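Just so it is clear, none of the values below were taken in a lab; they were calculated from the coordinates. Since we're looking at a predicted model, the values are computed, not measured. As a convention, Cβ positions derive from the backbone with ideal geometry for all residues, glycine included, and neighbour counts pool all protein chains shown.
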C-alpha cells in the first residue's frame with residue numbers, strides 16, 4: 001500500500017471521514033487542455049515551458065482517445081471518466097435537449113456526472129473554474145457545479161489565462177480545480193493541415209503563454225503546491241480527424257506536481273482516466289458506478 005493511501009486509510013478509521021471531505025491529497029489541480037495537440041506536434045514543436053513543467057512529472061505519448069476521435073466526445077470523457085457509451089456524447093452536436101443517445105446516469109438536470117459535480121459535492125469548500133474558447137465545449141457539462149466559467153471568442157485565450165490566474169489567487173486557501181482550454185491548435189490543423197508551419201506555430205505560441213502563467217504562479221508562491229495535467233482530445237491527418245489511425249487516436253497526456261513521480265508512463269492510459277485520476281488526487285472514494293476510468297497507479301510516488 002502506498003504511503004499516501006495508507007495515511008488516508010488511517011484518517012478514515014480514526015476520524016470517521018467519508019467521501020473526500022477530509023482526505024484530500026492535493027491542494028490544487030490545473031488542467032491545461034490543448035485541443036488537437038498531436039504526438040507528432042509534441043515531438044516537432046519547440047515548447048520549452050511544457051518541457052520544463054513535465055520534466056518533473058509523468059508523460060505518456062501513447063494515451064488512447066475514446067472513439068470517435070472527435071472533440072466533444074473526448075473532452076467529455078476527460079471530465080467525466082465515461083466513454084460515449086456511458087455519457088452519450090457521440091458527436092460535436094450534443095446538447096442537453098437534443099442528442100441521439102441518453103446518458104446511462106444523470107444528475108438532476110439530465111447531465112452525465114462530471115468531475116466538477118463529484119468534487120463540489122464531496123470536497124469541503126471546493127472551488128471550480130472552466131475557461132474555454134470553443135463555444136460548444138461546455139454543452140455537456142452542468143454549469144451548476146462551476147464557480148466560474150468564461151468563454152473567449154475568436155480562438156483567443158490570453159484573457160482566460162489571466163482569469164484562471166486571478167481565480168487561483170483569489171481562492172488560494174481553498175481546494176481548487178481549474179480547467180484551462182484552448183481550441184486554436186485544432187483550428188490551425190483544420191485550416192492549414194496538421195503539422196503545417198501554422199500548426200506548429202500555434203503550439204509554440206501557447207507554450208509562451210503557459211510559461212507566463214506558470215511564472216506568475218511561482219511569483220505568488222502558488223506553483224509548488226499545484227498539480228498540473230496536460231491533456232488533449234485527438235491528433236489529426238491532413239485537415240481533419242475522427243478516424244482510428246494511430247496519428248488520430250494516440251495523444252500526449254502528462255501530470256506533474258506534489259506526489260507525482262518523474263518518468264515515462266508505462267501503463268496503458270485513456271482519456272477516460274482523467275477525471276478518475278483527479279478524484280483520486282483529491283481523495284474521493286464515491287465516484288459514479290458508471291464511470292469506466294482507471295487510475296494508473298504508477299504516476300504516484302511510492
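Below are the figures for this structure:
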item: Zone of residue 198's modelled label, taken as backbone nitrogen in region 151-184 under 15 Å from a point 7 Å along Cα→Cβ; result: 155-156, 184
item: Residue exposure sequence - 35, 91 - by fewest surrounding Cβ within 10 Å; result: 91, 35
item: Selected from 71, 128, 44 as most flexible by GNM, with the chain as the system and alpha-carbon contacts under 10 Å; result: 44
item: Beta bridge orientation in the chain: antiparallel %, DSSP, nearest 5; result: 30
item: Exposure proxy ranking, count of Cβ atoms within 10 Å, fewest first, for 201, 76; result: 201, 76
item: Normalised contact order of the chain, rounded percent, pairs of Cα under 8 Å and 6 or more residues apart; result: 34
item: Answer label, with Kirkwood radius over Cα pairs in Å calculated from the coordinates and candidates (i) 19.2; (ii) 21.8; (iii) 21.3; result: (i)
item: Taking region 241-302 and dividing mean pair separation by its residue count, relative contact order in percent (alpha carbons under 8 Å, at least six apart); result: 39
item: Exposure proxy order (Cβ contacts within 10 Å, fewest to most) of 94, 194, 75; result: 94, 194, 75
item: Cα centroid of region 165-240 to Cα centroid of region 43-94, whole Å; result: 13
